[in-house]
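The values are calculated or read from the model by the stated rules, or taken from the named source; none is laboratory data. Owing to the predicted nature of the structure, the values given are computational and were not obtained by experimental measurement. With ideal geometry, Cβ positions are generated from the backbone for all residues, glycine too; neighbour counts draw on all protein chains shown. The protein model used for the area step is the full one, side chains on, heavy atoms only, and it has no ligands, DNA or RNA in it. Shrake-Rupley method; radii C 1.70, N 1.55, O 1.52, S 1.80 Å.
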Amino acid sequence: MAALTFAHHILFSKPSVFLHSTKHGFNTLFSVSVPAPFLRRYKSSQTIAAASSLLELGGVKISKEDVVKDEPTNNVPDLIFTKLGLQLHRRDHHPLGILKNAIYEYFDTNYNNQFHKFDDLCPIVTTKENFDDVLVPSDHVSRSYNDTYYIDTETVLRCHTSAHQADLLRKGYANFLVTGDVYRRDSIDSTHYPVFHQMEGVRVFSPNDWNDSGMDATLYAAHDLKACLEGLARHLFGAVEMRWVDSYFPFTNPSFELEIYFQEKWLEVLGCGVMEQEILKRGGKSDNVAWAFGLGLERLAMVLFDIPDIRLFWSTDKRFTSQFTKGQLGIKFKPFSKYPPCYKDMSFWINESFTENNLCEIVRGVAGDLAEEVQLIDNFTNKKGMTSHCYRITYRSMERSLTDEEINELQWNVRDQVQSQMNIVLR
Ligand code: DAH
């Protein structure tokens with residue numbers, strides 16, 4: 001798993017390379033059918049914003065009822081609603097805000113402030129914007145209710161910032177950066193959280209730009225893209241070794257990934273490529289060519305600031321928040337204390353609708369950020385063809401010691417909900 005730890009940050013690349021291909025069930029292709037009843041929300045133990053309070057996101061007023069609905073076509077849990085509007089990437093003293101600003105600085109300086117910067121676009125988008133407009137195939141795994149949070153059959157919480165590409169092109173923007181919170185149903189471990197942050201970049205060229213270069217349009221764009229992103233990687237990481245890896249995304253062709261050699265490992269930094277001509281054509285820009293990239297802010301920030309667990313980004317504990325300063329990318333996080341973990345195992349026969357994402361959703365609904373990891377530790381099929389799974393749940397707080405009593409209660413709650421929501425008999 002080590003090399004794949006950040007796989008979900010690039011969901012749209014080839015499954016064989018970047019999805020959890022070794023993990024059961026994750027990269028099976030799911031059809032977009034109405035979700036099974038067990039996908040219903042689980043009331044979390046956390047406090048939820050009062051039903052009447054309105055959030056304002058990118059100029060759009062949103063109430064809880066707009067997002068969390070008691071309908072079979074809605075799979076947004078209360079816990080996810082509490083994250084909407086927090087916009088960690090807009091806090092100048094937060095590692096994600098510091099990183100965003102460092103990337104802005106690179107683009108502002110090197111492109112003479114030509115890039116338009118968006119960091120407040122509403123994360124509620126249509127399936128057309130999230131998938132169709134960027135040419136995600138109709139049977140792509142990312143469209144499933146198992147992977148994406150649906151508000152209704154045509155509305156989702158964006159699962160990538162690429163959801164805004166087409167609209168901004170249509171509005172006439174030629175150079176832009178979009179930073180935002182993105183949402184994905186996923187597994188639970190130190191690098192996976194159902195809300196994380198991405199930055200998207202797009203640059204459009206016109207014939208004048210490439211005509212004198214002696215290169216064809218695509219080659220010209222690919223060349224410019226690579227130079228731009230190598231410069232960005234040096235700006236963030238210093239004089240590191242880099243390599244380009246061929247990749248696949250539905251929205252670009254050719255597609256690449258940039259990797260840097262950092263702390264003795266090759267680290268995947270971002271995905272990018274020359275934008276599919278079809279996207280430009282639909283945006284009224286048939287004569288142009290463009291490049292695009294997308295990067296996950298958490299994965300870069302974890303490396304740059306030495307942050308060991310993705311849950312820390314959400315911590316309001318002063319011992320975390322006070323360690324970072326506006327404008328300072330070089331600061332290394334000093335763990336304040338490591339509290340003891342508590343492990344609880346749970347075995348059951350799976351049924352055909354079982355998915356690990358659904359199990360993780362229940363665990364998060366009950367334990368919130370006290371859930372550190374959900375790991376499959378045993379998996380066998382008996383002679384009758386029944387498959388048994390044993391999962392180990394690790395509970396640990398980043399901020400305090402947990403009592404046995406409190407963990408037992410969480411675990412009983414998880415067991416209850418697994419049986420009632422997933423229709424599963426525990427062994
Ligand atoms: N949207 C992709 C993801 O979330 C990341 C990405 C890859 C964005 C390539 C791009 C791109 O714009 O060109 O996995």
Fill in: Hits in the range 413-427 (condition: within 28 Å of the chain's Cα centre (by Cα) and among the polar types (S, T, N, Q))
Asn413, Gln417, Gln421
Worksheet entry | Residue count for the range 133-165, restricted to those that are within 13 Å of the ligand (Cβ to nearest atom), touching a Lys or Arg at 6+ places or on another chain (Cβ under 9 Å), open to solvent by less than 10 Å² (accessible area, probe 1.4 Å) and within 28 Å of Glu65 (Cα to Cα) | 5
Worksheet entry | Test result for Gln114, over 30 Å from Arg396 (Cβ atoms) and crowded, with 24+ Cβ neighbours inside 10 Å | no
Worksheet item: Name the residues in the range 324-362 that are more than 30 Å from Ile103 (Cα to Cα), of a type in the set (D, E, K, R) and without any contact (Cβ under 8 Å) to a residue 40 or more places away in the chain, would you?
Response: Lys338, Glu352
Response to the item:
Contact list, first residue from the range 160-174 and more than 19 Å from Arg143 (Cβ to Cβ), second anywhere and part of a loop (DSSP other than H, G, I, E, B), beta-carbon distance below 7 Å, six or more apart or interchain, is Leu169/Gly283; Leu169/Lys285; Arg170/Gly283; Arg170/Gly284
Worksheet item: Conditions: (1) closer than 26 Å to Phe313 by Cβ; (2) without any contact (Cβ under 8 Å) to a residue 24 or more places away in the chain. Ser397 meets all but one. Number of the miss?
Response: (2)
